[in-house]
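The values are calculated or read from the model by the stated rules, or taken from the named source; none is laboratory data. If you're wondering where the values come from, they're calculated on a predicted model, not measured in any experiment. Using ideal geometry, Cβ is built from the backbone for each residue, glycine included, and neighbour counts are taken over all protein chains shown. Only protein heavy atoms, including side chains, enter the accessible area calculation; ligands, DNA and RNA are left aside. Shrake-Rupley method; radii C 1.70, N 1.55, O 1.52, S 1.80 Å.
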Amino acid sequence: MVDTEELTFDAAGLIPAVVQQYDTREVLMVGWMNAEAVRRTAESGRSTFWSRSRQEYWVKGETSGNRQHVKQILVDCDADTLLVLVDQEGPACHTGTRSCFEHGEFEVKA
């Protein structure tokens, strides 16, 4: 098991958290967490993030009802990114789509 002292936070004290549906591995969104948000997420089982624009904590689904029930939090090899596996209720994106990654794509020329 890892604790927050082992994580590598950026200069602002944040770490990116990629959120995936636990059973399908569909990427739903990316949020930012500080050490307290990581602790709150682990203890409550609800995705808790730090809002860089509002400078406050927010729990996914607290106002929309589109909750994320956390199943597992994985740490990458450099301990500077989290993978949060959740069971998503409703859309994950604030625009109302299932995933925040439905806006478009870049053409890749191989």
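Within the stretch 11-21, which residues are open to solvent by less than 70 Å² (accessible area, probe 1.4 Å) and over 12 Å from residue 78 (Cβ atoms)?
13, 14, 17, 18, 19, 20, 21
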Step by step: first the residues of the stretch 81-110, then only those that are closer than 22 Å to residue 70 by Cβ and among the β-branched types (Val, Ile, Thr), then the one that is surrounded by the most Cβ atoms within 10 Å (Cβ to Cβ). Which residue is that?
84
If a residue must be in a loop (DSSP other than H, G, I, E, B) and of a type in the set (S, T, N, Q), how many such residues does the stretch 19-36 contain?
2
Looking only at the stretch 65-94, count every residue that is part of a loop (DSSP other than H, G, I, E, B) and either at pLDDT below 95 or touching a Gly at 6+ places or on another chain (Cβ under 7 Å) (or both) and tell me the total.
6
Of the residues in the stretch 65-80, those that are more than 16 Å from the chain's Cα centre (by Cα) and open to solvent by 70 Å² or more (accessible area, probe 1.4 Å) number 2
Working only within the stretch 17-33, note down all residues that are touching a residue at least 12 places away in the same chain (Cβ under 8 Å) and either out of contact with any Leu (no Cβ under 7 Å at 6 or more places or on another chain) or of a type in the set (Lys, Arg) (or both).
23, 26, 27, 28, 29, 30, 31
Taking the condition touching a residue at least 60 places away in the same chain (Cβ under 8 Å), closer than 25 Å to residue 2 by Cβ and either β-branched (Val, Ile, Thr) or in contact with a Cys (Cβ under 7 Å, 6 or more places away or on another chain) (or both), does residue 84 pass?
yes
Of all residues in the stretch 22-36, which are surrounded by 14 or more Cβ atoms within 10 Å (Cβ to Cβ) and within 14 Å of residue 68 (Cα to Cα)?
22, 26, 27, 28, 29, 30, 31
Would you say residue 49 is of a type in the set (Phe, Trp, Tyr), touching a residue at least 12 places away in the same chain (Cβ under 8 Å) and in a loop (DSSP other than H, G, I, E, B)?
no
